[in-house]
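S.K.: Following this message is one structure expressed as structure tokens.
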Amino acid sequence: MRFALALAGLLLASPAFACSCMRPGPDTPKPQHLLLATVTDVATSSDGASAVTTLKVIRNLIGRAEGTIRVRARTSSAGCGVRFRKGARQLFALQRQGSGYTTNLCLMLQAQQ
């Protein structure tokens with residue numbers, strides 16, 4: 001009976017979606033910008049799924065970003081999202097997207113390597 005319940009649980013379970021940052025390889029997108037910045041504001045979307053973080057650029061290590069920039073990111077860890085805290089000073093790994101910047105957990109982890 002226990003086996004049947006366990007099997008039923010496995011068969012009826014919903015798939016789990018999780019962030020997976022593969023080991024960087026030749027096809028892995030690299031950060032286009034790596035910079036030291038301070039978070040000056042975080043505006044989370046009404047549904048909480050994403051946020052726009054405003055950064056004050058201190059130093060460029062890769063690429064060039066000036067002054068104050070805005071970075072869009074998902075906030076859910078399952079979607080490789082990241083959350084930033086106002087006042088934090090840290091390295092940011094970013095990609096250009098249109099006229100703005102984006103980031104995710106996988107890019108941010110590359111910045112720490």
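S.K.: When only C-alpha pairs under 8 Å and at least 6 residues apart count, what is the relative contact order of segment 28-111, in percent? Numbers along the way, then the final one.
M.R.: Working: 194 pairs, mean separation 28.5, N = 84.
In percent, rounded to a whole number, it is 34.
S.K.: Which value, in nm² and rounded to one decimal, describes the direction-averaged projected area of the C-alpha convex hull of segment 28-111?
M.R.: 5.2
S.K.: First select every other residue whose beta carbon is under 11 angstrom from the beta carbon of Gln32; then total the charges, Lys and Arg +1, Asp and Glu -1.
M.R.: Local charge sum for Gln32: +3.
S.K.: Sticking with this structure for a sec: Between segment 61-85 and segment 88-103, how far is it from one alpha carbon centroid to the other, in angstrom?
M.R.: 4
S.K.: Quick one: if you stick a label point 7 Å off each Cα along the C-beta vector at Arg59 and Gln110, how many nm between them?
M.R.: Reported label-point gap for Arg59 and Gln110 is 2.2 nm.
S.K.: While we're on this one: More than 15 Å apart: what percent of Cα pairs in segment 64-113 qualify?
M.R.: Value for segment 64-113 (Cα pairs over 15 Å): 47 percent.
S.K.: Test of understanding: what is the full-extension gain from Cys19 to Ser45, defined as 0.36 nm times their sequence separation minus their Cα-Cα distance?
M.R.: 7.3 nm
Bear in mind that the values in this text are calculations on the coordinates, not laboratory data. Values in this document were obtained by computation on a predicted structure and should not be read as measured data. Backbone-built Cβ (ideal geometry, glycine too); neighbour counts: all protein chains shown.
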